[in-house]
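A.B. asks: Have a look at this one before I ask anything.
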Amino acid sequence: MKFNSAAGSFSRRDFVRAAALATAYGFSLEPARAAVRELKISRTTQTHSVCPYCAVGCSVIIHTLGDKARNIQPTVVHIEGDPESPVNRGTLCSKGISLKEFVVNERRLTRPLYRAPGASEWTAISWDEAFEKMARRMKDTRDRTFEEKDSQGRTVNRLTSVALIGGCTDTNEINYLLGKFRFALGILSYENQSRL
Amino acid sequence: MTNGWTDVSNADVILVMGGNPAENHPVGFRFVMEARRRRKAKLVCVDPRFTRTAAVSDCYVPMRAGTDIAFLGGLIHYILENKLWLDEYVKQHTNAPFLVKEGFGFSEGHFTGWDESQGGYDRSSWQYELDTSGHVRVDPTLEHPRSVFQLLRQHYSRYTPDAVANIVGCTKEEFLRAAALIASTGKPDRTGTILYALGWTQHSHAVQLIRAAAILQLLLGNIGMPGGGVNAQRGHANIQGSTDMGAWNMLPGYLKLPRANQLTLQDYLKANTPRALRPNAWNYWSNTPKFMVSLLKAYYGQNATAQNEFGYQNLPKTGENENWGWAYFFDRMSRGELEGLISFGMNPVANGPNTAKMLAALAKLKWLIVVENFETETASFWKARKLGDKFYTGFASPAQIQTECFLLPAACFAEKDGSFVNSSRWVQWKRAALPPPGDAKTDQEIISRLLLDLKSLYQKEGGRGAKPLLEMSWDYANPAHPSLDEVAREINGRHLSSRQQLKASSELQEDGSTMCGNWIYCGSWTEEGNQMARRGQEDPTGLGLYPNWAWSWPANRRILYNRASADREGKPWDARRAPLRWDGSQWSGDTPDYKGDASPESLGAFIMLPEGVAKLYAADFLEGPFPEHYEPAESPVKNPLHQEVSTNPLAPVFHGEFDRLGEAKDFPYVAITYRLTEHFHYWTKHVASGSELQTNFFVEVPEELAREKGIRAGDRVRVRSARGFVEGPALVTKRIRPLRVEGRTVYQIGIPIHWGFVGRVRGPLVNNLTPSVFDPNSGTPEYKGFLVNLEKA
């Protein structure tokens, strides 16, 4: 078992053993339960993450299988609250506890889609073709509408015909990169979910 | 939040207003329950609905949506009339003693300086009275008639318990019961906290509402205290972080976007670097030149030199009175003035106001790029007529919509590393657990490829605006796929000569020798490594600060304004709740919101403000120095305080085809929108368990109104506003009590969000109903308190 963490690791087996010992002298079912639980996740890789829903910021542990074998796509087998977090202390709400269904979900988008003007359905498109088309559209728009100077002759270097909006689970680093992207293009109309 | 989730358990009184944490922040709500259990804390809940939070409160007050300022103004009045403020705190830590120039006043709904033709204020009469050295004159006794304290007393003299009850719709007794509990914290050894959410921000007067809360907490001495503060619960995983990183009018770290009249970097710095208003004000924003030049070095790298103003001319500039924010660019889009929209994980058709306007606006674009985990209403807006059933029969068919659309599959949270900032300002690092499915890519790959492809087109072909594009640095080990570790290190910043990571923002320089992507994140990734990934669970103060868990901006400070937790000599107001201690030479405990070795008397406690103290009176807001009650843009009554100026005179109003406002004679009921615990926003309609637990859209109708209309539980009803309609089964409830306002009965209707025309479960978009009305400072739409009619479908 490996633990993906910047700050050390722990063994789940140690944790389970300690819990089992603590109740070994009573008529507790805990050792039996622990054994079942150990089987379910004993071979998983565990990764520290944070719930993407509300802003309480509950830490979660994502259990994945299949990442040690070649030619196999790893998959999430379990997501649980991180008992070390001072915020959630291992707990999650009804949404957080079903996060696995969000990640492993047949409705997830897995390839780029394109809809031509006037078309009534999406069609598949390769990444290369999509990037080529998008760069061309952005350049055409920018060449047509970029303003170096305003009506008073002051340097403004701006593009007001394009807006950029960011979502609520964009990380700080992505938001920062979106800022650089925005200023490279000259976009003024830039907003994100925090506005609403 | 000024404080944090774990700190809520330090409170004696908890006011939940404009939020419903038991339902929407259930894990955070445990700290409320802990405070009740351990400290016998009292929970006061003020809400239009008897929510799950109300159900476990000690005191519930029903209210009419959009009257929060009246309620808070009433509390301010109650505290001043009954002499319940914390006097020493108010004198030492607020601008109560400051004098305002002669001529300031308020009458009939307007502050002085109102200019009807401009639709705005000349703010000159709101300014402080200065002495010859440029410092504000003060009266430490607070007795001067032009002192902020006396002006505050005068302004809120109208907010009597009777006036409050008449506007809010509760009884006077209900108001007084809540007031007594809340005001009981105006003592050194008692603290009260406030938890709010979108019930406070989604109004046409939202920013002033939150200022009213700040005034209340300052009078009671609750700012800077453990168990105190003004705390936004925030509804999404990283909207705090995205705010920190900029908005249309902001650069990272709350630096302002340059205006066109700031022709040079010097002009910009002069306009945006404040001057201290009192001799003891540290005025930390005086470091603006260091923050700005270091940011320009991060943006333009080698291309930023002292000779070329560090690339300042490359930044886009806004006109002095222009607004390019959400409300305005969607309005311009609806008039065909935009060509393209790029959305990284946002769904404006579902979550923006006035869905018909959103759809019409997108149909005017030449191209649309959406980067998403799932298909959304925005990506597939051109299918709205088909998928949206009867709701969009007036909308164009796909054949008529000429927008070219790209829907790009993106990694979800589990497949990405990087940091999220929770409501407590804790910046928590997460690691990618697995690769994205199929051909999906990470955000950084998509952004980089878009930018690099565009750069290479300009290099080959030239074109307009090539210089700002080509000079933006993208100096990563693999520019097509930057590691977020690299990006996070850039955000923290470094010394350019030694390449050492910065330890703190105090190391920043204005000569171009440091670079830093966001000065408030200085210290998040130092030479000691990634501080955001720390997992220490120690709590040395016992106050729930957890200084070694993740990292908190700024400077790993857990309670903002914590210097105000102690008196003039540095003695804590409450020895059991002291985040800071002064030992005669330095402060210990939390990271001080103060100079670490400065004596208690030497500086004002509010180091970010030019006043050096907190502002009860703030001349820098659009609508006036004191929050005033204005009715929502659509209201069942005229403002009882000033009928002629009923709504916020500064709230943006649009006059397009889709911007209809309704009147009470046609739309007699007040509507509010809200979340349910089983769902997250517009995402979990793609997830099986949430969809199974809450399958159907519904409308919450008060029992008395249902009886009047002959509606029984489960009957299908139609709710209509001036913009559109929704339909669903009625949930007839006792939870929304009819209110008495201005001598008549006002009914309120509750409508949950979460459904749309794309998903495992589908239902009407609640924003079919909501108006394009916004707060003038923050640009937040008015989702709480708009008018509707109700009928059996």
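A.B. asks: Could you look through region B:393-430, keep only residues that are part of a loop (DSSP other than H, G, I, E, B) and within 23 Å of the chain's Cα centre (by Cα), and pick out the one that is farthest from the other protein chains (Cβ to nearest Cβ)? Full working, then the answer.
C.D. replies: Here is the first cut: in region B:393-430, the residues part of a loop (DSSP other than H, G, I, E, B) are B:393-397, B:401-403, B:411-412, B:416-417, B:422-425.
Now restrict to residues that are within 23 Å of the chain's Cα centre (by Cα): B:422-425.
Numbers: B:Asn422: 3, B:Ser423: 4, B:Ser424: 7, B:Arg425: 10 Å.
So, considering only residues that are part of a loop (DSSP other than H, G, I, E, B) and within 23 Å of the chain's Cα centre (by Cα), the one farthest from the other protein chains (Cβ to nearest Cβ) is B:Arg425.
A.B. asks: What number goes with the only condition from (1) in contact with a helix residue (DSSP H, G or I) (Cβ under 8 Å, 6 or more places away or on another chain); (2) at the interface with another protein chain (Cβ under 8 Å from one of its Cβ atoms); (3) under 30 Å from A:Glu106 (Cα atoms); (4) outside any helix (DSSP H, G or I) that B:Gly438 does not pass?
C.D. replies: All conditions are met except number (1).
A.B. asks: Still on this structure: Would you check which residues across region A:60-77 are within 26 Å of B:Tyr546 (Cβ to Cβ) and more than 7 Å from every other protein chain (Cβ to nearest Cβ) and list them?
C.D. replies: Initial filter on region A:60-77 (within 26 Å of B:Tyr546 (Cβ to Cβ)): A:60-63.
Result: A:Val60, A:Ile61, A:His63.
A.B. asks: Please verify whether region A:124-133 includes one or more residues that are at the interface with another protein chain (Cβ under 7 Å from one of its Cβ atoms), in contact with an Asp or Glu (Cβ under 6 Å, 6 or more places away or on another chain) and at pLDDT 95 or above.
C.D. replies: Looking through region A:124-133, at least one residue is at the interface with another protein chain (Cβ under 7 Å from one of its Cβ atoms), in contact with an Asp or Glu (Cβ under 6 Å, 6 or more places away or on another chain) and at pLDDT 95 or above.
A.B. asks: Pairs needed: first member in region B:3-32, within 13 Å of another protein chain (Cβ to nearest Cβ); second member anywhere, surrounded by fewer than 24 Cβ atoms within 10 Å (Cβ to Cβ) and charged (D, E, K, R); C-beta distance under 6 Å; at least 6 residues apart or different chains.
C.D. replies: B:Ser9/B:Glu34; B:Ala22/B:Arg52; B:Glu23/B:Arg52; B:Asn24/B:Arg675
A.B. asks: Please indicate, with yes or no, whether at least one residue in region B:597-606 is at pLDDT 95 or above, under 27 Å from the mean Cα position of the chain (by Cα) and more than 27 Å from B:Gln217 (Cβ to Cβ).
C.D. replies: So far as region B:597-606 goes, no, none of its residues is at pLDDT 95 or above, under 27 Å from the mean Cα position of the chain (by Cα) and more than 27 Å from B:Gln217 (Cβ to Cβ).
A.B. asks: Tell me, yes or no, whether region B:88-100 has at least one residue that is within 22 Å of the chain's Cα centre (by Cα) and touching a residue at least 40 places away in the same chain (Cβ under 8 Å). Full working, then the answer.
C.D. replies: Residues of region B:88-100 within 22 Å of the chain's Cα centre (by Cα): none.
There is no residue in region B:88-100 that is within 22 Å of the chain's Cα centre (by Cα) and touching a residue at least 40 places away in the same chain (Cβ under 8 Å).
A.B. asks: Please enumerate the residues belonging to region B:707-730 that are on the phi > 0 side of the Ramachandran plot and free of Cβ contacts under 8 Å to residues at least 24 places away in the same chain.
C.D. replies: Passing the criteria: only B:Gly714.
A.B. asks: Being in contact (Cβ under 8 Å) with a residue 60 or more places away in the chain and away from chain A (no Cβ under 11 Å) is the filter here; which residues of region B:350-386 pass it?
C.D. replies: B:Asn354, B:Thr355, B:Ala356, B:Lys357, B:Met358, B:Ala360, B:Glu377, B:Ala384
A.B. asks: Of all residues in region B:615-638, count the ones that are within 24 Å of B:Thr770 (Cα to Cα) and either touching a helix residue (DSSP H, G or I) at 6+ places or on another chain (Cβ under 8 Å) or basic (Lys, Arg) (or both).
C.D. replies: Result for region B:615-638: 5.
A.B. asks: For region B:105-142, enumerate the residues that are buried (at least 16 other Cβ atoms within 10 Å of the Cβ), within 29 Å of the chain's Cα centre (by Cα) and part of a loop (DSSP other than H, G, I, E, B).
C.D. replies: Within region B:105-142, B:Gly109, B:Thr112, B:Gly113 qualify.
A.B. asks: For A:Pro83, work out the one condition from (1) more than 7 Å from every other protein chain (Cβ to nearest Cβ); (2) at pLDDT below 95; (3) touching a Gly at 6+ places or on another chain (Cβ under 7 Å) it doesn't fulfil.
C.D. replies: Every listed condition holds for A:Pro83 apart from (2).
A.B. asks: So for region B:663-674 (the condition being within 29 Å of B:Phe106 (Cβ to Cβ), out of contact with any Gly (no Cβ under 7 Å at 6 or more places or on another chain) and outside the structural domain of B:Phe71 (by TED's automatic domain parsing)), does at least one residue qualify?
C.D. replies: yes
A.B. asks: Return yes when B:Glu657 is more than 28 Å from B:Phe757 (Cα to Cα), among the acidic types (Asp, Glu) and part of a loop (DSSP other than H, G, I, E, B) and no when it is not.
C.D. replies: Values: more than 28 Å from B:Phe757 (Cα to Cα): no; among the acidic types (Asp, Glu): yes; part of a loop (DSSP other than H, G, I, E, B): yes.
No: the conditions fail for B:Glu657.
A.B. asks: Looking at region B:315-323, can you tell me whether even one residue there is small (Gly, Ala, Ser) and closer than 29 Å to B:His681 by Cβ?
C.D. replies: Step one: list which residues in region B:315-323 are small (Gly, Ala, Ser), which gives B:319.
Remaining after also requiring closer than 29 Å to B:His681 by Cβ: none.
No.
A.B. asks: Return the residue satisfying two criteria in turn: it lies in region B:310-324 and is surrounded by fewer than 20 Cβ atoms within 10 Å (Cβ to Cβ) and closer than 30 Å to B:Gly656 by Cα, and of such residues it is farthest from the other protein chains (Cβ to nearest Cβ).
C.D. replies: Here is the first cut: in region B:310-324, the ones surrounded by fewer than 20 Cβ atoms within 10 Å (Cβ to Cβ) are B:313, B:319-323.
Still in the list and also closer than 30 Å to B:Gly656 by Cα: B:319-323.
Details: B:Gly319: 7, B:Glu320: 10, B:Asn321: 13, B:Glu322: 8, B:Asn323: 10 Å.
Checking each candidate, the answer is B:Asn321.
A.B. asks: Of these, B:Glu692, B:Glu704, B:Glu708, which one is of a type in the set (Asp, Glu), outside the structural domain of B:Pro62 (by TED's automatic domain parsing), surrounded by fewer than 20 Cβ atoms within 10 Å (Cβ to Cβ) and touching a Phe, Trp or Tyr at 6+ places or on another chain (Cβ under 8 Å)? Steps first, please.
C.D. replies: Working: B:Glu692 fails: touching a Phe, Trp or Tyr at 6+ places or on another chain (Cβ under 8 Å); B:Glu708 fails: touching a Phe, Trp or Tyr at 6+ places or on another chain (Cβ under 8 Å).
Residue meeting the stated conditions: B:Glu704.
A.B. asks: Within region A:65-80, track down each residue that is among the acidic types (Asp, Glu) and either modelled with pLDDT of 95 or more or outside any loop (DSSP other than H, G, I, E, B) (or both).
C.D. replies: First, pick out the residues of region A:65-80 that are among the acidic types (Asp, Glu): A:67, A:80.
Selection gives A:Glu80 alone.
A.B. asks: Please verify whether A:Val56 is under 17 Å from B:Lys416 (Cβ atoms), touching a Gly at 6+ places or on another chain (Cβ under 7 Å) and at pLDDT 95 or above, treating the condition exactly as stated. Outline the logic, then answer.
C.D. replies: Working: under 17 Å from B:Lys416 (Cβ atoms): no; touching a Gly at 6+ places or on another chain (Cβ under 7 Å): yes; at pLDDT 95 or above: yes.
No; evaluated as a whole, the condition is false for this residue.
A.B. asks: Sort out which residues of region B:532-564 are surrounded by fewer than 24 Cβ atoms within 10 Å (Cβ to Cβ) and of a type in the set (Gly, Ala, Ser), and write them in order of number.
C.D. replies: Hits for region B:532-564 are B:Ala533, B:Gly536, B:Gly542, B:Gly544, B:Ala555.
A.B. asks: So, in region B:295-309, how many residues would count as being closer than 18 Å to B:Arg489 by Cα and more than 14 Å from chain A (Cβ to nearest Cβ)? Before you say what the answer is, go through the steps one by one.
C.D. replies: So the first thing to find is which residues in region B:295-309 are closer than 18 Å to B:Arg489 by Cα, and the list is B:295-302.
Among the residues that remain, those that are also more than 14 Å from chain A (Cβ to nearest Cβ) are: B:302.
Within region B:295-309, residues that are closer than 18 Å to B:Arg489 by Cα and more than 14 Å from chain A (Cβ to nearest Cβ) number 1.
A.B. asks: Further question: In region B:450-496, which residue that is crowded, with 21+ Cβ neighbours inside 10 Å and not in a helix (DSSP H, G or I) is farthest from the other protein chains (Cβ to nearest Cβ)?
C.D. replies: If we take residues in region B:450-496 being crowded, with 21+ Cβ neighbours inside 10 Å and not in a helix (DSSP H, G or I), then B:Arg494 is farthest from the other protein chains (Cβ to nearest Cβ).
A.B. asks: Right, next: Pull out all pairs, ordered by first then second residue, where Cβ-Cβ is under 6 Å, the residues are six or more apart or on different chains, the first lies in region B:402-429 and is modelled with pLDDT under 95, and the second is in a strand (DSSP E or B).
C.D. replies: That search, which allows pairs on different chains as well, returns nothing.
The values are calculated or read from the model by the stated rules, or taken from the named source; none is laboratory data. Keep in mind that this is a model prediction, so the values were computed, not measured. When we count neighbours, we look across all protein chains shown, and the Cβ atoms used for this are built from the backbone with ideal geometry, even at glycine.
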